[in-house]
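Have a look at the structure below, then the notes.
The values are calculated or read from the model by the stated rules, or taken from the named source; none is laboratory data. If you're wondering where the values come from, they're calculated on a predicted model, not measured in any experiment. All accessible areas refer to the heavy atoms of the entire protein, side chains included, with ligands and DNA or RNA removed. Shrake-Rupley method; radii C 1.70, N 1.55, O 1.52, S 1.80 Å.
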Amino acid sequence: MKLNIDVAIIGGGTAGVAGALDLRKQGLTVAVFERHKIGSQASGVNYGGVRQQGRNTDELPLSKRSRELWEQLPNLIGSNCDFESTGHLKLARSEKEMEDLEQFSKLAAKHKLEIELLDHRSLRDRFPVLGESVIGASYCPSDGKANPRLVAPAFGRAALKAGALIFEEEGVTNALHSSTGFLIETEKGRKVYSRVLVNSSGAWGDTVAGWFDEHIVLEVKNPNMFVTAPMPYRLKVNIGVSGADFYVRQTDRGNLICGGGFGISDRQASLSRPKLDVAQETSARLIDIIPFASESMVIRTWTGIEGFMPDSIPVIGMSEKIPELVHAFGFSGHGFQLGPVVGEIISELVTKGSCSLPIKPFNINRF
Ligand SMILES: Cc1cc2nc3c(=O)[nH]c(=O)nc-3n(C[C@H](O)[C@H](O)[C@H](O)COP(=O)(O)OP(=O)(O)OC[C@H]3O[C@@H](n4cnc5c(N)ncnc54)[C@H](O)[C@@H]3O)c2cc1C
C-alpha cells in the first residue's frame, strides 16, 4: 500500500482535522492518520469550555481569532456543535485570587478582550445560584461552551467532504525525512510519501517530535470529570475559578458537568481512569460554589489524556531541525477552544512557511 500526497497529518483530534479542512481549501492533497477514531481522545472527552479569559496572554490573539471561528462553525463545518456564548465567570475565593483576576483583566484590556470585574454583592445579585464563599469574579461575556463530542467529528466530516483522506484506526509507527520529503509508515503496513508532515498528535506529540531528534519534556495529565443526572436548568453561565482547580457548566438538558484535579492514565495503551477521591473533593467544591447541586446525583465519571508543556502553553510552529515539519501539540489543558484557529495556523504554516498570528512564543525551540 503506497500513497503520495502533499501533506500527511499525524493525529485526528480537532487540531489535525481542522488543519486538514483548511489545507483542502488551499487545494493541497491531505491525509489524516488517527490511531483510534477521529476526536476520540482529548478533543472528544473534554469539559467543553470555550474560554478566552484566564489564558496566558501570549495565547490571547489566537484565542480571539478562534472565538470568531466558533461563531462561524455552521458555515465552516455545517454544525454549531452546541456552541453557545453563555459568558464565563472566573471566581475568586480569596483576596489574593481577586487580585490575580484584576491583574488579568488589565492585561486582557490590552488585547481588547472585554472582561468585567464583579464584587461579592454584584456577583450575588447577578448570579444568585452562587454560594456565599465566593468573594468576587471576573466575567467574560464572549466566552461560552460547546459539545466536545461533536466538534472534531464535524471538522473530520467537512474535511472528508472537501476531499481529505482520513484513515482511522491506523496509527503511524515511524516517519523519516530525506531530501525528497517524508516517508511515513503505519501500523497497517501503508507507506506514505509526503512533502509536508504535521505533528498534531496531542499528548503523543513528544514521541513524534522525538523521531526527528527534537526531544522535549511533555507531561501527561488527566483532568478528572463527572456529570450529574439532569436538574432544573439554573446555571446558564460557564464557571471556573482562579487557580483553575474547579469548573462547572450545565447542559441545556440540565446535567451539571464538573471537573477538577486529575485522574490517571497509561498513555501507551491510550487508557485513562478518573479517581473517586478526586471526584469527591471536586463535588464538595461544587456544593460550596453552587449549593443547589447538593441534590444532584453523579451518573458518570471520566478523564482523558492531555499533554502539558512545562510552561503550560502549546508547541505550535515549524520544526527547528527538519524543513516542512509542522508541530501543533501539547495544548496543556485548554486546546479545545483553540482548535479552530489551530487548523488555520497549520494551513498557513504549510502553505507559506510562516503565520500571520504571533506564534513565536510557542516555538519548539524555547525549551
Ligand atoms: C478531560 C479534559 C478536559 C478538558 N477541558 C477543556 C476545556 O474545557 N476547554 C479547553 O479549551 N480544553 C480542554 N481540554 C484540552 C483539550 O481537550 C485539548 O487541548 C485538545 O482537545 C487537544 O486537541 P489535539 O487535537 O491537539 O489532541 P487530541 O484530541 O488528543 O488528538 C490527538 C490525536 O492524535 C492521535 N495520535 C497520537 N499519536 C498518533 C500516531 N502515532 N498515529 C496516529 N494517531 C496518533 C491520538 O489518538 C489523538 O486522537 C481538556 C482536556 C481533557 C483531557
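Taking amide H positions as modeled 1.01 Å from N, with prolines and chain starts lacking one, the residues under 5 Å from T173 and 5 or more places away or on another chain are E185, T186, E187.
Of all the Cα-Cα pairs you can form in the range 69-182, what percent are over 18 Å apart? Counting pairs separated by more than 18 Å, the tail of P(r) holds 67 percent. Of the residues H327, H177, the one with the largest accessible area comes first in the ranking H177, H327, computed with a 1.4 Å probe on protein heavy atoms. From the largest down, the range 257-367 spans 55, 30, 23 angstrom on the principal axes of its Cα atoms.
How would M318, M225 line up by accessible area, probe 1.4 Å, largest first?
These residues rank, largest area first, as M318, M225.
Straight-line reach from K360: which lysines have Cα under 20 Å away, leaving out those fewer than 8 places along the same chain? Qualifying lysines at Cα under 20 Å: K64, K110, K321, K352. Here is the tail figure for the chain: Cα pairs spaced more than 39 Å apart come to 15 percent of all pairs. Shape annotation for the range 67-124: C-alpha extents along the principal axes are 45, 27, 16 Å, from largest to smallest. For the range 214-250 versus the range 275-353, the spacing of their alpha-carbon centroids is 10 Å.
Could you work out what % of the accessible surface of the chain is carbon and sulfur, using a 1.4 angstrom probe and leaving DNA, RNA and ligands out of the count? If you can, show how the numbers build up before the last one.
Numbers: 7850 of 15450 Å².
Solvent-exposed carbon and sulfur of the chain make up 51 percent of the total.
Which order do you get for K37, K275, K106 if you rank them by accessible area with a 1.4 Å probe, largest at the top? Don't jump to the answer; show the numbers that get you there.
Values: K37 100, K275 75, K106 130 Å².
Sorted descending by solvent-accessible area, the residues read K106, K37, K275.
For the range 92-154, with every protein chain kept in place, what is the accessible area per residue (1.4 Å probe, Å²)? Value returned for the range 92-154: 52 Å² of accessible area per residue. In order along the range 215-222, the phi-based Karplus estimate (6.51 cos²θ - 1.76 cosθ + 1.60, θ = phi - 60°) of 3J(HN,Hα) comes to 9, 9, 8, 10, 9, 8, 10, 9 Hz; Gly and Pro are listed as x. Listed by chain and number, the lysines whose alpha-carbon sits under 19 Å from that of K37, ignoring those within fewer than 8 places in the same chain, are K161, K188.
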